[in-house]
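Every number here is computed from the coordinates shown, using simple stated rules; none is lab data. The shown structure was predicted, so the numbers you read here are calculated from the model rather than taken from an experiment. No Cβ is skipped: glycine too gets one built from the backbone with ideal geometry, and neighbour counts run over all protein chains shown.
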Amino acid sequence: MELIFEKSIPGRRGFQIPVCDVNVQGDIPPRYKRTHDNELPEVSEVDVVRHFTRLSQMNFSVDTNFYPLGSCTMKYNPKFTEVLAKNPQFADLHPLLPQLRNGEKLTQGALQVLYEVEQILCEIAGMDQFTMQPLAGAHGELTGVMMMAAYHRDKGNKKKYIIVPDAAHGTNPATAAIAGYATIAIPPDENGLLDITKLKEKLNDEVAGVMMTNPDTLGIFNSHIDEIAGLVHRVDGLMYYDGANLNAILGRCRPGDIGFDIMHINTHKTFTTPHGGGGPGAGPVGVKKKLVKFLPISRVEKRSDGTFYLNYDYPDSIGYVASLYGNFALILRAYAYILLLGKEGLLETSNHAVLNANYVMHRLKNHYLLHYDRTCMHECVFSATQQAERGVHAIDIAKFLIDRGMHPPTVYFPLTVKEAIMIEPTETESKQTLDQFIELLIEADQLSKTQPDIFKDLPKTTPVARPDEVKAATDLNTNFFVNTAKLTRPQKNSSASITHHV
Amino acid sequence: MNPYIANTKIEVDEMLQCIGVKTIDDLFLDIKPNQRPKSFNIPPGESEQEVVAYINRLANKNRSDLILFIGGGYYDHYIPAAVGSLISRGEFYTAYTPYQPECSQGTLQALYEFQSAICTLTEMEVANASLYDGGTALYEAVMMAIRITGRRRIIMDGGVSPIYRTILKSYTSNLDIEFQETPVVHGQSDRQQITKLLNENTAAVILQNPNFFGAIDDHTDIIEQAHKFGILVIESVYPISLGLLKTPGEMGADIVTGEGQSLGLPLNFGGPYLGFMTTRKKFIRKMPGRIVGQTVDIHGRRSFVNTLQAREQHIRREKATSNICTNVSLCAIQACIYMSLLGKQGLKRLAQLNLDKAEYAKQVLSHVKGVEIKRSSPTFNEFTAYLSKDANAVVEAMINRGFAAGFPLGRYYKGMEQYMIVAVTEKRTKEEIDRFAESLEEVLKEM
Amino acid sequence: MEIEEHYLYTKEHEWVYIEDNIATIGITDYAQEALGDITFIELPEVDNEVEQFEHFCSVESVKAASDIFAPMSGKVIEVNADLESGPGLINKSCYEKGWIAKIEISDQDETSNLMTHQEYQKYLESLE
């Protein structure tokens, strides 16, 4: 499709700037002004509306398609939370107001939301305190690991390593590295769970902590978690819970009760704030008592008179992890969702997520290889190795599903499973939808036997077919205005010879 | 059953039978009795109507009625209705990260257009598809400069937002990175101090334009000096001002970041916002965050994909350029829609209108007894006012008259207790500005 | 899987071909196939001193990134500049046109830490 810039006609406008009502024309010395005009498009409002409406129609989304993307929890996003978040009494609230003297009075409603959601998340997760500041799950991880570092520094511990299971999300090792720790990866045992023998071998006084999900990336709940936590705590290591899979155990188990010291929650997974095509998310972080003093500032607190304020007075805090108080509009949506569900609703959520996943697993296990044939939690992981032997790989099966109007599961993750197909149906999908999906996957298996060649051309029903990703990476074009093809490689200290652009 | 669960009792039974268990509880046997919740005191659920009523009651406790002359990096700009309408399409906001390009061309093309728009605004060569917010984007830029240069010393101009500076310090506390801060003189960057500190061990100089005091600057000379030592220069910018101001690209900056909230995003009490980053093409592989690239499909049709993914955490794991997983796609698309509506001339006019109103406000306020407007350096839509009284007290008193009068500088700058920064966007009318000045005069008189 | 007879190999799937005191270095057929279409290579700097089995450069494909380790210690004397514009050469001709760098060997004895083609063949079989 044409780019918005290609639709530009000089002189056309999409928005009327008000006439200036003051009799002053501001001027600034020429040397502070830009010499070349910007090249934003000149299009009408209708042009813009049609362009972006058409673009939106080129997407699959939860509102339009089944989206069983494993590990991403693409459940339905209720509409009422969208309406609430757009209320101008929240949307137009300036974030620096509570930093004025007595300014918290101006934002009592927003602060109350932050305070109450913190209380309720503590109860859901079994933690003692939460911060709403982290702006995404990965950002929550970084916050958590920074607190881990602060804890060890405070106790004078000399720690160098963070242990991460092989099957973990890529963000875990990346986070550990960015926070200054080296990672030790532990492979799974024959049941797909973290190998405790290997863990024991690697555990020593230099281990700062272990980062885990439970249920893990294979969708299996690790019943040995108490033992693992005991071992880690013995070397004064901390247990970090990656909340990516918390939706599986809501009301059934709380990370804080099974030995975890720090955790983050992906509100866009468990508490269904919209994924937005890849963000914005929110990643609240919860901790046990021994870590509370390291939480980021500011903290939202309640006075005895029932009013709320921001407390910055925590000298041991790791400081600011975000500019303000977190992605407020998303925290608000999550809170409204939790209030609507209540205790029973939260339980129903995990119950039906797990029921749906097990149903899909049982109906497909005679067609696709299931490495770990046991009850799963919210997601199940198949391997398309049998189909791959016939020349039909996991990616081909994914493209087949796209062709038939369903978003594929996650493929090639976790990395520990060859030709992985990771299915997370979520609780909001009906049996009929699951049946359609199952039938399609069975059909794909059949076709891999009878007509394996048809897959390479799929999908055919989408606006574009398979893109040339090699070309994208070698003839780089990431900006309409600059021919970015054929990049030269970065040279050391090359900044000294930087030439002026434009 | 809550309204978001579809299956009926009969269907649940069918599914359980297929699985071969009696109850849903049987699926949770891996969770041992001693691993069950010690408590789970969550209130019972409520209807949508009840929750909406409760949340709206909380909303009522906020003072969103104030007339905003407060900025500090977050600005009260008008958002055209088409922005909100388009961004509310479920096809945009209920999609995931575009891992499967064939069914995500909408998100991908919009992000490519966003990248292009941000590049033309900053006059830089390449952009990523967004980062969390302006503050964390600056942190990512610092880490990127450290990766490129292999050096660990950073010079930071005192005019960089104090909020951002605090973030940088907390992030790097566990890493061996040295920060040198330089003061602001007459509102602008202290050339002498910065030049003195430049050396071969320095990774980056961080500058901001307009700076936190509102002053605008041309950093070309500092950048030239820094480049002599192989130092990278990071510029943090305010995108609306780039309708008018000299671009970081023209000044020669190496990495540009900024807060994109002003590009059509509501203030939202702090988020979600939009961090952006642009750089030179030779640094693209050192840039964090997702990047969308144009290519063709097997039939030669234009297509878009996430590219250079080998930099990212899901492939590189502990060697990734950042731990960032998602960006803020929806906010980036929102900004892209906003920029498309404004267009080339619109952005220019909008920037001029902001400047005009701020200059008018300066004029009016300079006639107020007890207010002195610092005119040592030119400004865009925010400026520093010196008050005859404590700025905290003045701003507090102004609330009663319906104004958020500005942001007192004493909170972040010792010795500046009688200063505040005042922001004037296109939303402020002449009448509001006049009334603001009158109220300020009265408040100062009464104090 | 193609393996060259007169070359020596590492467990990280680099190959080295020694002529006098010059070692030519590249990655094996197994490595290029595992990576898929290679889109970028960050070549080492000429004149850099490298240690055996130390990180020495890296390659990227669409969906993977891999570090390459120096099979022998020495000084980098030449890099294959053709790879800058055409990193796909590694996929097309990993043992010849897709060579990565040449090193002036500082310690011939280090070859004892490397595998012969027969040993590498066995090693590959053990990975299956």
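Computed 3J(HN,Hα) for segment C:61-70, one whole-Hz value per residue from the Karplus formula 6.51 cos²θ - 1.76 cosθ + 1.60 where θ = phi - 60°, is 10, 4, 10, 8, 9, 9, 7, 10, 10, 5, glycine and proline marked x. Just to confirm the filter: which GluC sites (Glu not before Pro) across segment A:1-58 are DSSP coil and have at most 11 other Cβ within 10 angstrom of their Cβ? Filter output for segment A:1-58: A:Glu2.
Amide H contacts of B:Thr307 (H built 1.01 Å from N, in plane; Pro and chain starts excluded): B:Ile291, B:Val292, B:Gly293 sit under 5 Å, all sequence-distant by 5 or more or on other chains. For the modelled label position 7 Å from the Cα of A:Asp453 along Cα-to-Cβ, which residues of segment A:356-399 have backbone nitrogen atoms closer than 15 Å? Answer for segment A:356-399: A:391-392.
Label-to-label distance, B:Glu178 versus B:Arg435, with points set 7 angstrom from Cα along the beta-carbon direction: 5.5 nm. Compute the Cα gyration tensor for segment A:117-197, then decide on rounded, prolate or oblate, letting a ≥ b ≥ c be the square roots of its eigenvalues: rounded whenever a/c is under 1.5, prolate when a/b is larger than b/c in the other cases, and oblate in all that remain. Cα axes put segment A:117-197 in the oblate bin. With the cut-off at 1.5 for a/c, could you classify segment B:143-210 from its C-alpha gyration tensor as rounded, prolate or oblate? In terms of gyration-tensor shape, oblate. Across chain A, Cα pairs under 8 Å and at least six residues apart give a relative contact order of 17 percent.
Packing here is the average count of other Cβ atoms within 10 Å per residue, and on that basis the peptides A:16-27, B:339-350, highest first, run B:339-350, A:16-27. Seen from every direction in turn and averaged, the convex hull around the alpha carbons of the protein assembly as shown projects onto 40.8 nm². A dipole drawn for the protein assembly as shown from +1 and -1 charges on Cβ atoms has a positive end, and of A:Asn245, B:Asn56, A:Val235 the residue lying farthest that way is B:Asn56. Partner lysines whose Cα lies under 28 Å from the Cα of A:Lys79, excluding those fewer than 8 positions away in the same chain, are identified as A:Lys269, A:Lys343, A:Lys431, B:Lys9, B:Lys61.
When the trypsin sites (Lys or Arg not before Pro) in segment A:405-471 are filtered for DSSP coil states and for at most 12 other beta-carbon atoms within 10 Å of their beta-carbon, the remaining sites are A:Lys460. A simple count of charges around B:Ile167, restricted to other residues whose Cβ falls under 15 Å of its Cβ and scoring Lys, Arg +1 and Asp, Glu -1, yields -2. Taking a straight line from the alpha carbon of A:Lys200, these aspartates and glutamates sit under 12 Å away, with near neighbours fewer than eight places off in the same chain left out: A:Glu227. A Förster radius of 35 Å, combined with the Cβ-Cβ distance separating A:Gln432 from A:Arg374, puts the computed FRET efficiency at roughly 0.85. When the GluC sites (Glu not before Pro) in segment B:162-206 are filtered for DSSP coil states and for at most 14 other beta-carbon atoms within 10 Å of their beta-carbon, the remaining sites are B:Glu200. If only the Cβ of Lys and Arg carry +1 and only the Cβ of Asp and Glu carry -1, the dipole of segment A:27-75 around its Cα centre is close to 240 debye.
Here's the list of lysines a cross-link from B:Lys414 could span, going by alpha-carbon distance under 22 Å and ignoring same-chain residues fewer than 8 apart: B:Lys169, B:Lys374, B:Lys389.
Which shape class applies to segment A:403-445: rounded if a/c is under 1.5, otherwise prolate when a/b exceeds b/c and oblate if not, where a ≥ b ≥ c are the square roots of the Cα gyration tensor eigenvalues?
Oblate.
For the pair B:Ile298 and C:Glu5, label points projected 7 Å from Cα toward Cβ lie 4.0 nm apart.
Annotation: peptides B:224-231, B:192-199, B:364-371, B:131-138, ranked by per-residue average of other Cβ atoms within 10 Å with the highest first, follow the order B:131-138, B:224-231, B:364-371, B:192-199.
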